[in-house]
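Throughout, read-outs are computed from the coordinates displayed, never taken from laboratory work. It should be emphasised that the depicted structure is a prediction, and the values quoted were computed from it without experimental measurement. Counting neighbours? That spans all protein chains shown, and the Cβs are built from the backbone with ideal geometry, glycine included.
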Amino acid sequence: MHPFFHPLTALPRTRTLAVALLASALSLPAAFGADSASLPPLGPDWKLQNPYRGNAAAAAVGKTMFDEYCVRCHAADATGRGSVGANLQLVGRFCRRIADDALQQRCLADADDFFKRSVQEGKVRLAITYMPPWKDVLSQEEIWAVRTYVETLGQTSRDGDRR
Ligand code: HEC
């Protein structure tokens, strides 16, 4: 056997590396970003619409949550491009073009509801988990903060419309 390779000495080193990788995967980047405790509390009942829409501070918290929990599947710009997730920029995008204010509010409420339910329940069909449920991980405040952040993305590009 080659003098520099012996299975008994090589093995522990590999295991040390695996443990180090696992430890770094479990570290919580949220600790370094905007804090969700700063969000205005919403109480136990779920809002029918995103109560933080247009709130820059909530969007900043949402970015922290998004980067921690969503970015690996939905990509940095939330289009899902190059990854497995759906394009989140499209959720409710059509509503912005509705001129009638009351109708636009109903459209946005519907899109918010779809977003909220998708995140809460995840996407599980025929026992295949496309997206895990987040209701035990993220609070109502955090889910709306993520929605607020995603709504700030792609506002200047019309790219999402074409897909
Ligand atoms: C493990 C990968 C994964 C992670 C992590 C993930 N998602 Fe998803 N998500 C998906 C996939 C895949 C779909 C499309 C599922 C389908 O086919 O219906 C999806 C769909 C969605 C939808 C529905 C969009 C639509 O138009 O159908 C929303 C909203 C959503 N995700 C939000 C989020 C948010 C917010 C997070 C972070 C808290 C997140 N996702 C984390 C994989 C993921």
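Numerical summary
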| item | result |
| --- | --- |
| Sorted by Cβ neighbour density within 10 Å, fewest at the top, the residues Val150, Val91, Val137 | Val137, Val91, Val150 |
| Rounded FRET efficiency, nearest 0.05, which uses the C-beta distance separating Gln120 from Leu48 and R0 of 22 Å | 0.95 |
| Residues whose placed amide H lies under 5 Å from that of Lys123, excluding near-sequence neighbours | Tyr130, Met131 |
| For a label point 7 Å along the Cα-to-beta-carbon line of Ile128, residues of the stretch 74-93 with backbone N under 20 Å | 74-75, 80-88 |
| Residues Trp134, Trp46, Trp144 arranged by fewest to most Cβ contacts within 10 Å | Trp46, Trp134, Trp144 |
| Net lengthening on full extension, Ser139/Ser83 (0.36 nm per residue, minus Cα-Cα) | 17.6 nm |
| Separation between Cα centres of the stretch 85-123 and the stretch 138-157, rounded to whole Å | 11 |
| Set of aspartates and glutamates with alpha-carbon distance to Lys47 below 14 Å, sequence-local pairs under 8 removed | Asp110, Asp112, Asp113, Glu141, Glu142 |
